[in-house]
Amino acid sequence: MKNFYVGQIPAEEIVFKTLDERKLPRQIVGLYQSAKVLIRRPDGSVYSDGSAFLYANPFHGVSYRFGNVSPFTLPGEYVIQIKLSRGSGQFDYTDPIAIDVFEAIQ
């Protein structure tokens, strides 16, 4: 994954691939109706702005666009996890992804 910096509001969307326990693409379109990207900051607070969409081609995953406020408020380790929901109220989470956020040279 690319580097992120304190205060950055990424302009490009990110596509997260969803994999099963064998590390093969996991079919999520049709199984889930919505996705929400959760980003836990180093201070423990959670950022959940932005919009997430289920994505089927060329692989199965979630396409995510950041909101209007930067999730990156401090340097350090951030954890990203995606909540996949069904219309019935059932939901699953993806495995968490850890990323480091850095101070930019200004």
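A Cβ-based charge dipole, computed about the Cα centre of the chain with Lys and Arg at +1 and Asp and Glu at -1, lands at about 340 debye.
Along region 90-99 the Karplus relation, 6.51 cos²θ - 1.76 cosθ + 1.60 evaluated at θ = phi - 60°, assigns HN-Hα couplings of 6, 8, 9, 10, 7, 5, x, 10, 9, 10 Hz to successive residues, with x for each Gly and Pro. Which of PHE72, PHE53, ILE105 sits farthest toward the positive end of the charge dipole of the chain, with +1 on the Cβ of Lys and Arg and -1 on the Cβ of Asp and Glu? About the Cα centre, the residue reaching furthest to the positive side is PHE53.
Take every DSSP beta bridge with both residues inside the chain and express the antiparallel ones as a percent of the total, to the nearest 5. Taking every DSSP beta bridge with both residues in the chain, the antiparallel ones total about 90 percent.
Accessible surface area normalised per residue over the chain is 62 Å², counting heavy atoms of protein chains with a 1.4 Å rolling probe.
Stokes-Einstein diffusion for region 1-54 at 4 °C, viscosity 1.567 mPa s, with a Kirkwood radius from C-alpha pairs, works out to 95 µm²/s. Taking every C-alpha pair closer than 8 Å and separated by at least 6 residues, the mean separation divided by the residue count of the chain gives a relative contact order of 34 percent. Treating each Cα of the chain as an identical point scatterer and summing with the Debye formula, the log10 of I(q)/I(0) at q = 0.13, 0.18, 0.24 Å⁻¹ comes to -0.49, -0.89, -1.37. Over all other residues within a Cβ to Cβ distance under 13 Å of ASP20, the charged ones net out to +1, with Lys and Arg as +1 and Asp and Glu as -1. Protection proxy ranking for 35-42, 80-87, using the average of other Cβ atoms within 10 Å per residue and placing the highest first: 35-42, 80-87.
The values are calculated or read from the model by the stated rules, or taken from the named source; none is laboratory data. Please read these numbers as outputs of a predicted model, since none were measured by experiment. Positions of Cβ are generated from backbone atoms using ideal geometry, with glycine treated the same way; all protein chains shown enter the neighbour counts. Side chains are part of the model used for accessible areas, which takes the heavy atoms of the whole protein and leaves out ligands, DNA and RNA. Shrake-Rupley method; radii C 1.70, N 1.55, O 1.52, S 1.80 Å.
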